[in-house]
Amino acid sequence: MKKLLFFLVALCLAKMNYAQKLDSTWSFEAAANTYFFSDNIIVLPVFTADKNHLHLEGRYNYEDLQTVSFWGGYNFYGGENLAYFVTPMVGAIAGLSNGVAIGLEFDFNLKKFTLYSEAEQLFDFKNPDNNFFYAWTDFTYAPTNWLFFGLSGQRTRLYETETEIQHGLILGSNIGDFEATAYLYNIELNDTFLLLSLCYSF
């Protein structure tokens, strides 16, 4: 089991700029996604590495609490007016949940609009009832080079809420190699929560 988990080394969900990804050198991103719930705070660290078509990613607390996942994928990219970056991936999960997953990340950019999404299907080795489909989609508009806002939707089992799909608003800013994004989910419900994402690309 352990040999299989380490052999399937892992993937990367990231919003890296195209100039870096099209270069022949490595590009990296370190991110901390912090959920502020009414009764708990959960941090999801994510680290990604890309070189041309190769994509690697590591996550913690993403598929489940106290659970690590490692991913490996292949980058497809191109386009002029409509720039695209698509990465199919396979991952290994170990911790409170144990298994394998298949995933897909994509990023489409048209002028000042961006559609970003990531999805995965987890297959649990020990308990098939623990299988789960995760999804996260952001649609944003950037009126300037340093400011963007938009809409977001998530499906996760990290935290149970009144609705199966978490939906909310996005407000973010880019300053150099840093990006800070605030998400406010389920605004009209009793279980509103905040997600703060901080990313550094290098």
Going residue by residue through the range 89-100, the Karplus relation 6.51 cos²θ - 1.76 cosθ + 1.60 with θ = phi - 60° gives ³J(HN,Hα) values, rounded to whole Hz and with x marking Gly or Pro, of 9, 9, x, 10, 10, 9, x, 5, 10, 9, x, 10
Calculating semi-axes √(5λ) of the Cα gyration tensor in Å from this structure picks out, from (i) 33, 21, 13; (ii) 33, 20, 19; (iii) 25, 23, 14, entry (iii)
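Any idea what the relative contact order of the chain is, in percent, if you count C-alpha pairs under 8 Å spaced at least 6 apart? Don't skip to the end; give the middle numbers.
Numbers: 544 pairs, mean separation 33.3, N = 202.
The value is 16 percent.
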Tally Lys/Arg at +1 and Asp/Glu at -1 over every other residue whose Cβ is under 14 Å from the Cβ of PRO45; what's the total? -2
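Within the chain, which is the longest segment that contains none of the trypsin sites (Lys or Arg not before Pro) sitting in a DSSP loop with at most 11 other Cβ atoms within 10 Å? If you can, show how the numbers build up before the last one.
Working: sites that count: LYS111, LYS126.
In short, 1-110.
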I need the GluC sites (Glu not before Pro) found in the range 30-128, filtered to DSSP loop residues with at most 15 other beta carbons within 10 Å of theirs. GLU80
Checking GLN154, GLN121, GLN66 against a Gaussian network model of the chain (alpha-carbon springs below 10 Å), the top fluctuating residue turns out to be GLN66
Taking 0.36 nm per intervening residue step and subtracting the Cα-Cα distance, what contour gain separates PHE37 from ASP177 on full extension? 47.6 nm
A correct Karplus calculation of ³J(HN,Hα) over the range 129-144, with 6.51 cos²θ - 1.76 cosθ + 1.60, θ = phi - 60°, whole Hz and x for Gly and Pro, returns 5, 8, 4, 7, 9, 9, 8, 8, 9, 10, 10, 10, 10, 10, x, 9
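Quick note: the coordinates plus some simple rules give every number you see, no bench work behind them. Model, not experiment: these values are computed from the prediction. Reconstructed Cβ throughout: ideal geometry from the backbone, glycine too, with neighbour counts over all protein chains shown.
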